[in-house]
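See structure below.
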Amino acid sequence: MKLKLLLLLAFVLTIAFTLFPHVSQEIFRIEAFGWQLETKQGVFVVFMLIVFFLIWFVQRLIAAVMAGPGKIWQTLRTGGQQRREQHLQTALHDYIDMRPKNGQRTFKKAQKLVPDWAKPLLDSLSLLPNQQADADLQQEPLHVAFTARIASDPEWKDKVDVSKRQAHLEAWLKVHPDAPLAQIRLLDIYLEKKSWQEVLDMLYAIKSQPLRSQAWIIDKKIEALLALSQEEGSDALACLQQAEKISPQHQDIVLARGHAHIQTNNPQAAEKLWLNYLKKHDDLSIAQATLSLMQGEGLAAFRRMEKIKGTQALLWLHACLAHAGKLEGLAEETLKPLLENNACPLFWQTWAQWSAQKGEHQRAFEAYEQAIQLQNNSL
């Protein structure tokens with residue numbers, strides 16, 4: 001800033017002396033303490049400018065020496081770097097805003113501040129995700145990762161082919177292994193394609209993921225294992241055993257394990273599994289699955305489990321099996337407290353079905369109406 005003022009002063013004086021040359025030729029005299037200086041005004045002004053410049057230069061030199069080795073040239077530089085930095089900021093704004101020509105003309109004024117390796121990144125920055133070139137591992141790792149981040153932008157997933165996004169992300173992980181954002185975006189693509197084995201492999205490969213909670217990772221592992229257990233040719237029980245190790249009491253896992261036992265002609269194992277679960281967990285989906293398994297046996301099924309006590313879902317199962325075993329009085333006696341104490345649409349729907357079977361259509365209509373109202377309130 002001081003140098004700018006000095007140059008401005010010199011420029012103004014040069015103009016003044018050019019317009020009024022006789023002023024610079026006039027004699028300038030200073031007398032003090034018996035000492036006398038006599039010279040022309042123009043020479044005196046030039047001398048003073050040189051003195052000021054030398055003072056500024058010495059200050060910069062001292063500051064450079066105090067800053068230590070390697071800092072002298074940086075400290076001696078004038079405001080040229082600041083101007084180039086301003087040009088760089090302007091050019092970056094133009095790139096980010098995608099203005100015409102992307103600030104290329106402004107970048108020429110700031111080239112010394114932009115290293116050569118950064119220029120390909122700026123070229124990628126000026127392109128939309130669907131305009132990015134295919135993944136190329138011959139490029140610099142930073143360029144590969146930067147291009148992949150733009151091309152895999154989830155906001156553009158409908159405009160960029162999924163295989164191209166996947167190729168970019170896989171290249172990204174090759175040059176930057178364990179990159180958190182690349183892992184999550186590639187995992188999202190596997191989920192989008194329902195490539196469950198790849199989902200599972202990726203989840204097990206993730207050691208720590210700052211972008212997703214551990215609960216989310218566990219939930220996705222369970223989702224993948226359950227989906228794999230349903231695929232043809234897969235070892236369903238092995239997948240479910242893995243899922244059980246992750247979360248033994250997860251509702252969907254317990255339900256799937258029971259169905260797997262049924263498919264392997266072992267309904268007794270499914271019944272035992274589900275009844276033990278209902279002792280501790282108030283889960284109506286498990287209770288409904290258990291009812292479907294046992295109600296064909298009628299009274300025998302009710303006798304096997306009538307002494308088992310536990311949750312409200314288990315009481316509902318008691319009532320339904322009693323009804324299936326032609327013990328209507330006991331069934332209604334068991335269900336009525338559930339209707340009074342629990343606002344559950346399934347309980348009222350069950351009551352409506354029983355009423356309709358007995359020909360009590362008005363009571364069935366009222367029960368269905370209550371079930372619908374409770375269902376709407378829960379939405």
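Here, each number is a calculation from the coordinates, and none is a lab measurement. The structure presented is a predicted model; accordingly, all values stated were derived computationally and were not measured. Backbone-built Cβ (ideal geometry, glycine too); neighbour counts: all protein chains shown.
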Check: Got a sec to turn the phi values of segment 156-161 into Karplus ³J(HN,Hα) couplings, 6.51 cos²θ - 1.76 cosθ + 1.60 with θ = phi - 60°, whole Hz, x for Gly and Pro?
Finding: 10, 5, 7, 10, 10, 4
Next item on the list: Apply the Karplus parameterisation 6.51 cos²θ - 1.76 cosθ + 1.60, with θ equal to phi minus 60°, to every residue of segment 124-135 and state each ³J(HN,Hα) to the nearest whole Hz, in sequence, with x for glycine and proline.
Entry: 5, 4, 7, 10, 6, x, 6, 9, 5, 5, 5, 4
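Give the relative contact order (percent, whole number) for segment 155-230; include only Cα pairs under 8 Å separated by 6+ residues. Write down the numbers at each step before the final one.
On the way: 42 pairs, mean separation 19.6, N = 76.
About 26 percent, as a whole number.
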Checklist line | Mean-position separation - Cα centroids, segment 165-218 and segment 127-160, in angstrom | finding: 16 Å
Item checked: Proximal charge balance of S152 [Cβ under 10 Å; K/R count +1, D/E count -1] -> +3
Notebook entry, point to check: Near H318, within a Cβ-to-Cβ distance under 13 Å, what is the net charge of the other residues, with Lys and Arg +1 and Asp and Glu -1?
Noted result: +3
Next item on the list: Would you mind counting up the charge near E192? Only other residues with Cβ under 10 Å from its Cβ, with Lys and Arg at +1 and Asp and Glu at -1.
Entry: +3
